[in-house]
Amino acid sequence: MAAPMAIPSTSTCKYMVQFLWGQNGCIVPDGVPMMHGAAKLPVKSYWIVRNKWVKGVYHDWCSSPFGSHPGGHDFRHACAMHDYGYGIIYYSKTDTYWTSAKAHAADSVFYTTLRDYVCTRYLSTSSKRKSCLKWARTYYLGVKFGGGWEM
């Protein structure tokens, strides 16, 4: 049996957003695997915009038919963050707190990151921002209804 996952106490790190946005020292220090028996992927910091950084793992960026740059918008780092969230859930299945029910929280943080940070890059171009917001919603619905099936 694998050793328990090394995560901070759930009394101080209660929310998925704390892990994905790297708040309050909430991070899985030894990384997370993306599938059963896989090697753990190291957690990295990714720059989103301005002073916004997120925590994530390099897995496959965005595993969507549209790739990591839908409509010319760079969703790679938000997707790496979302993969990290699913990795936390997947790897800690035996922990009663980190269950697949937390996938919704990872999906919500993913959408918030796209909507409120990635798409703000296009404030000066209204049509580009609208396009980004539409793609962000599409990707959110994709992960909400189709993400994490292997869990």
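The values are calculated or read from the model by the stated rules, or taken from the named source; none is laboratory data. Remember, predicted model here, so these are calculated numbers, not experimental data. Positions of Cβ are backbone-derived with ideal geometry, glycine not excepted, and every protein chain shown enters the neighbour counts. Just the protein is used for accessible areas: all its heavy atoms, side chains included, with ligands, DNA and RNA removed. Shrake-Rupley method; radii C 1.70, N 1.55, O 1.52, S 1.80 Å.
Annotations
- Filter pass, Tyr91 being touching a residue at least 60 places away in the same chain (Cβ under 8 Å), farther than 15 Å from Leu41 by Cα, touching a strand residue (DSSP E or B) at 6+ places or on another chain (Cβ under 8 Å) and buried (at least 17 other Cβ atoms within 10 Å of the Cβ): no
- Filtered by the rule that a residue be open to solvent by less than 70 Å² (accessible area, probe 1.4 Å) and among the charged types (D, E, K, R), segment 31-74 gives Lys52, Lys55, Asp60, Asp74.
- Under the condition of being under 14 Å from the mean Cα position of the chain (by Cα) and more than 16 Å from Tyr86 (Cβ to Cβ), the residues counted in segment 53-67 number 1.
- For segment 56-67, a residue qualifies if it is in contact with a helix residue (DSSP H, G or I) (Cβ under 7 Å, 6 or more places away or on another chain) and under 19 Å from Leu41 (Cα atoms), and the qualifying residues are Gly56, Val57, Tyr58, His59, Trp61, Cys62.
- Residues satisfying the criterion are present in segment 27-41 (criterion: under 16 Å from the mean Cα position of the chain (by Cα), in a strand (DSSP E or B) and modelled with pLDDT of 90 or more).
- Residues that are among the aromatic types (Phe, Trp, Tyr) and farther than 19 Å from Ala39 by Cβ within segment 60-84 comprise Phe66, Phe75, listed in sequence order.
- Segment 83-117, residues that are closer than 14 Å to Gly31 by Cα and either modelled with pLDDT of 90 or more or in a helix (DSSP H, G or I) (or both): Asp83, Tyr84, Gly85, Tyr86, Gly87, Ile88, Ile89, Tyr90, Tyr91
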